[in-house]
Amino acid sequence: MKAIARLSLIFLVLAIVSCNNKKNENTIKKGITKANWGQSDGKEVDLYTLTNKNGVTVKISNYGGTVTSWIVPDKKGDRSSILLGFDSLSGYLAKPPYFGALIGRYGNRIANASFSLDGKTYKLSANDGKNSLHGGIKGFDKVVWDVKTIADSIPSLVLTYLSKDGEEGYPGNLTVTVQYTLTDDNELSIEYTAQTDKPTPVNLTNHNYYNLTGDHSNTILKHILFIDADKYTPVDSTLIPTGELKDVKGTPFDFTTPTAIGARINSVKGGYDHNWVLNRKDSSLQLVATVSDTLSGRKLDVYTTEPGLQFYSGNFLNGSIIGSDGKPFNQHTGLCLETQHFPDSPNKKDFPSTILRPGEKYHSITKYKFSLL
């Protein structure tokens with residue numbers, strides 16, 4: 001009888017928790033719900049859930065514009081998230097390495113945390129040794145964005161942020177808009193726009209960490225990767241590009257033929273954390289990369305208008321960060337495919353320009369499409 005009573009009590013507690021969670025979650029429109037997630041910088045932080053007609057869900061917070069999960073089926077029909085992330089805001093406030101975040105004002109690295117523009121030198125926040133990484137000490141990944149939903153037939157979320165003149169050392173008041181859309185084709189579309197009142201570098205991206213197995217107990221070393229790029233940008237010891245565009249043929253950087261990530265990773269000092277120069281004739285949206293996993297039967301296609309792709313193999317994950325499931329995020333348990341302009345472009349005149357000027361409009365689109373093999 002005591003066992004039955006204890007079991008009844010457990011079910012009652014679970015029912016109360018479930019009820020409270022539902023009370024905390026409000027339907028904004030068809031396919032979008034919103035739940036309060038806490039506070040940061042004195043502002044309300046919310047978690048939005050986008051759901052398409054296939055039952056695929058993506059959760060996005062206005063803290064850092066962070067994609068916290070993307071739940072999809074595997075080849076057996078079992079559903080799990082293909083992203084590294086946390087169930088609570090506290091995990092992100094602890095400042096993990098950019099899990100799922102929007103990155104800006106400048107994605108990737110700027111050498112010596114400085115650049116010159118129109119005859120003036122600007123000093124940025126150094127947060128990666130002597131270099132500036134992903135916008136500085138408090139980049140776009142650590143601010144609370146304003147949110148509005150789009151009332152159309154598919155769930156979309158629009159985030160806006162005003163990066164003020166001088167923030168992290170960058171010139172100009174930069175108005176940024178990012179629209180996330182979850183389509184019924186299981187695409188997560190990310191559209192970036194920005195305008196400025198002073199010339200400034202802009203390079204926006206998303207920093208999702210993918211593990212297609214849906215279980216970060218597994219590494220991504222058996223994932224098969226294709227990148228449509230004949231060249232990449234070699235880097236120095238601080239991961240700043242040397243300025244050279246080097247052929248991938250005959251090197252561990254050649255993914256023009258689909259290859260297991262772990263096949264040659266030991267030949268790359270520190271692992272992959274490099275920019276690939278995408279093969280393209282114009283800036284139209286095109287397929288640039290594919291990653292697949294035979295264990296789960298999942299595949300992810302990457303489309304972008306950007307000229308570069310940073311492939312990062314989760315080298316710096318070391319088990320010190322614990323997921324919401326109690327399991328550590330160990331080395332190579334996630335990979336990033338960050339569409340971008342090249343690192344350190346403000347200091348490399350031969351790289352595609354990242355300078356946005358008043359009267360111009362920054363516009364970039366990237367789509368990540370999920371499917372089964």
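From the mean inverse distance of alpha carbon pairs (Kirkwood) and the Cα radius of gyration, derive Rg over Rh for region 314-373. Result for region 314-373 is an Rg/Rh of 1.15. In region 19-143, the ratio of gyration radius to Kirkwood radius, Rg to Rh, stands at 1.09 when only Cα atoms are counted. Helix 2-24: angle to the longest alpha-carbon principal axis of the chain, degrees 0 to 90, nearest 10? Roughly 50 degrees between the two axes. Given the options Thr196, Thr251, Thr177, which has the most mean-square fluctuation in a GNM of the chain, springs set between C-alpha atoms less than 10 angstrom apart? Ranking Thr196, Thr251, Thr177 by mean-square fluctuation puts Thr251 first. Compared with the alpha-carbon gap, the fully stretched path from Ile137 to Leu162 is longer by 7.3 nm at 0.36 nm per residue. Between the beta carbons of Thr259 and Asn112, assuming R0 = 35 Å, the FRET efficiency works out to 0.50 to the nearest 0.05. GNM on the chain, alpha-carbon springs under 10 angstrom: the most fluctuating residue among Ala263, Ala126, Ala194 is Ala263. Legend: ranking of residues Leu287, Leu182 from fewest to most surrounding C-beta atoms inside 10 Å; resulting order Leu287, Leu182. A viscosity of 0.692 mPa s and a temperature of 37 °C, combined with the Kirkwood radius over C-alpha pairs in the Stokes-Einstein formula, give region 131-249 a diffusion coefficient of 184 µm²/s.
Cα centroids of region 183-227 and region 271-301: 10 Å apart.
Over the Cα atoms of the chain, each weighted equally, I'd like the Debye log10 I(q)/I(0) at q = 0.11, 0.15 Å⁻¹, rounded to two decimals. Each listed q corresponds, in turn, to -0.76, -1.44.
For region 213-313, the number of Lys pairs with C-alpha atoms closer than 16 Å, counting only pairs eight or more positions apart or on separate chains, is 4. Placing +1 on each Lys and Arg Cβ and -1 on each Asp and Glu Cβ, with no other charges, gives the chain a dipole about its Cα centre of roughly 680 debye. Restricting the trypsin sites (Lys or Arg not before Pro) of region 328-364 to loop positions (DSSP other than H, G, I, E, B) with no more than 12 neighbouring Cβ atoms within 10 Å leaves Lys349, Lys361.
Rounded to the nearest whole Hz, the Karplus-based 3J(HN,Hα) values (6.51 cos²θ - 1.76 cosθ + 1.60, θ = phi - 60°) of region 30-42 follow the sequence 4, x, 9, 10, 9, 9, 5, 10, x, 9, 8, 6, x, with x at glycine and proline. For the chain, what is the calculated [θ] at 222 nm in deg cm²/dmol (nearest 500), taking -39500 (n - 2.57) for each run of four or more DSSP H residues and dividing by its residue count? -2500 deg cm²/dmol, from helical runs alone. Once the Cα-Cα distance is subtracted from the 0.36 nm per residue extended length, the Lys95 to Leu221 segment shows a gain of 42.8 nm. With neighbour counts taken as other beta-carbon atoms within 10 Å, the residues Ser217, Ser81 rank, fewest first, as Ser217, Ser81. The phi-based Karplus calculation (6.51 cos²θ - 1.76 cosθ + 1.60; θ = phi - 60°) puts the 3J(HN,Hα) values of region 348-363 at 10, 5, 8, 7, x, 5, 10, 7, 9, 10, x, x, 9, 10, 6, 8 Hz, whole numbers, x for Gly and Pro.
Values quoted throughout were computed directly from the atomic coordinates according to the rules given, and no laboratory measurement underlies them. Nothing here was measured: the structure is a model prediction, and the numbers come from that model. Using ideal geometry, Cβ is built from the backbone for each residue, glycine included, and neighbour counts are taken over all protein chains shown.
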